[in-house]
Amino acid sequence: MIFQRALRRELLSTAGAVFTALFTIIITVMLIRILGQAAGGKVASQDVIQLIGFAALTVLPVLLINTGFISVLLVVTRSYQDSEMVVWFTAGMSLSRWIRPVLTFGAPLVVMTALLSFVVTPWAHKQSAEFRERFEKREDIAKVSPGKFQESASSDRVFFVEGISGDTGRVKNVFVNTIKNGRASVVVAKEGKMEFNSAGDKFLVLSKGRRYEGVPNQSDFQMMEFERYGVLVSRQAQAIGGEGSARTLPLMQLIANPTGPNRGELLWRCALPLMSLLLLVAAIPLGFVNPRGGRSANVLIALILYVVYSNMISVFQSAVAQGRLALAIGWWPMHLTAILAIVLMFSWRLKMNSVHHPLAVWGRVKRSLFSQRSSS
């Protein structure tokens, strides 16, 4: 049908514009956040581009869901405002006939959402975690940029180095300020490097320097010179573990190891493609708008329903992950509720022309009251 082909073209063009706008906003926010983390020494500056790419992949499923939902909502709303729906209904076509072209348009989005949710997103989470963990496992002194003060991971030590040799484990002209038990100590040295003892503890070994402890002009102030001085950076027990979270595990590992967090993650991954499919259909009745009025009412209702639906998924995921609810019980109530809401909305819109519809009854009541006032 010509109208359905035109509708699919309009949906595709609208989806392209919506996706571009949402993706630009998300990438901008991620860029600002990750650049801030790099400036604060939480991630390596050379890993910023990779981390932005991994972060973009992790949000793509939700982005595609929003793209499909908003695109259908905008197209249906525009059709009502431009009175195209009047032509549609006059031709004897029902609102339910929109379902087929909308699903034809949305099927690739649902498939891509499922693929991203089950395969790509866990891989992106794993890669991002490995990048961050690799940086955290680096020596604190190796994270310091020359000419810049840098706080340690434990927040009790500040480093400053003037230069770094070819080996990033060795630095020159080192300044270390440490606060321990409320007492400050300052160490300056010509050079330093990282070493491990037999127990696996990590030390910053400084050479040819001085150590100042306490406050000058007080009786407990101490100053000493050294040829070699070791500063404990971390103990073996504090090393970062390599175990990944449930978000980084592939689908088969989630199924093979049904712990609470794994079941919660499995519920979330299964919910995304179902949510994408149901929101595409729900946008059809939600797009209704009075051509003589504005579109703010239906957009507000659509926003509320989307927030409620997504929050329900998060609540059930949390309950399953914490062991308060079984996965067999927790995965379906929010989707069943969404299906019932869609059926009710379609039933409401399909009966708009019925004399028994509440709006039709209310219209007759208003006309009756108006005629009584006019006659009196």
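The values are calculated or read from the model by the stated rules, or taken from the named source; none is laboratory data. Here the structure is a predicted model, which is why all the values come from computation and not from measurement. No Cβ is skipped: glycine too gets one built from the backbone with ideal geometry, and neighbour counts run over all protein chains shown.
A few comments on the model shown:
- Contacts under 8 angstrom Cβ, first residue in region 216-228 being basic (Lys, Arg), partner surrounded by 10 or more Cβ atoms within 10 Å (Cβ to Cβ) and at pLDDT 75 or above, 6 or more apart: Arg228/Val205; Arg228/Leu206; Arg228/Ser207
This table checks each residue for (1) of a type in the set (A, V, I, L, M); (2) surrounded by fewer than 12 Cβ atoms within 10 Å (Cβ to Cβ); (3) under 30 Å from Gln46 (Cβ atoms); (4) at pLDDT 80 or above.
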residue	(1), (2), (3), (4)
Thr168	no, no, yes, no
Lys172	no, no, yes, yes
Val187	yes, no, yes, yes
Met194	yes, no, yes, no
Val215	yes, yes, no, no
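- Residue count for region 220-256, restricted to those that are at pLDDT below 75 and surrounded by fewer than 16 Cβ atoms within 10 Å (Cβ to Cβ): 11
- Residue satisfying condition, being of a type outside the set (Phe, Trp, Tyr), more than 26 Å from Trp268 (Cβ to Cβ) and touching a helix residue (DSSP H, G or I) at 6+ places or on another chain (Cβ under 8 Å), within set Thr67, Thr77, Thr20: Thr77
Condition check ((1) modelled with pLDDT of 95 or more; (2) within 15 Å of Phe19 (Cα to Cα); (3) surrounded by 23 or more Cβ atoms within 10 Å (Cβ to Cβ); (4) not small (Gly, Ala, Ser)) across all residues:
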| site | (1), (2), (3), (4) |
| --- | --- |
| Phe69 | yes, yes, yes, yes |
| Val76 | no, no, yes, yes |
| Glu84 | no, no, no, yes |
| Ala91 | no, no, no, no |
| Arg97 | no, no, no, yes |
| Pro108 | yes, yes, no, yes |
| Thr113 | yes, yes, yes, yes |
| Val120 | yes, no, no, yes |
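- Cβ separations smaller than 6 Å between residues 6+ apart or across chains give the following pairs from region 27-44 residues that are under 16 Å from Gln150 (Cβ atoms) to residues that are of a type in the set (D, E, K, R): Gly41/Lys143.
- Restricting region 36-66 to residues that are surrounded by fewer than 16 Cβ atoms within 10 Å (Cβ to Cβ) and outside any helix (DSSP H, G or I), the residue that is farthest from the chain's Cα centre (by Cα): Gly40
Yes/no per residue for (1) under 26 Å from Thr67 (Cβ atoms); (2) among the aliphatic types (A, V, I, L, M):
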| site | (1), (2) |
| --- | --- |
| Leu280 | yes, yes |
| Phe288 | yes, no |
| Ala297 | yes, yes |
| Ala302 | yes, yes |
| Leu327 | no, yes |
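- For region 12-26, residues that are under 18 Å from Val62 (Cβ atoms) and in contact (Cβ under 8 Å) with a residue 12 or more places away in the chain total 6.
- Of note, Ile284 satisfies the criterion of being modelled with pLDDT under 95, in contact with a Phe, Trp or Tyr (Cβ under 6 Å, 6 or more places away or on another chain) and under 21 Å from Val343 (Cβ atoms).
- Helices (runs of 4 or more DSSP H) wholly inside region 294-370 containing at least 2 residues that are farther than 20 Å from Leu254 by Cβ and at pLDDT 70 or above: 296-321, 333-350
- Matching option when the condition is over 29 Å from the mean Cα position of the chain (by Cα) and either within 30 Å of Arg134 (Cα to Cα) or part of a helix (DSSP H, G or I) (or both), among Met85, Met112: Met85
- With respect to being assigned to a helix (DSSP H, G or I) and at pLDDT below 85, Arg134 fits the description.
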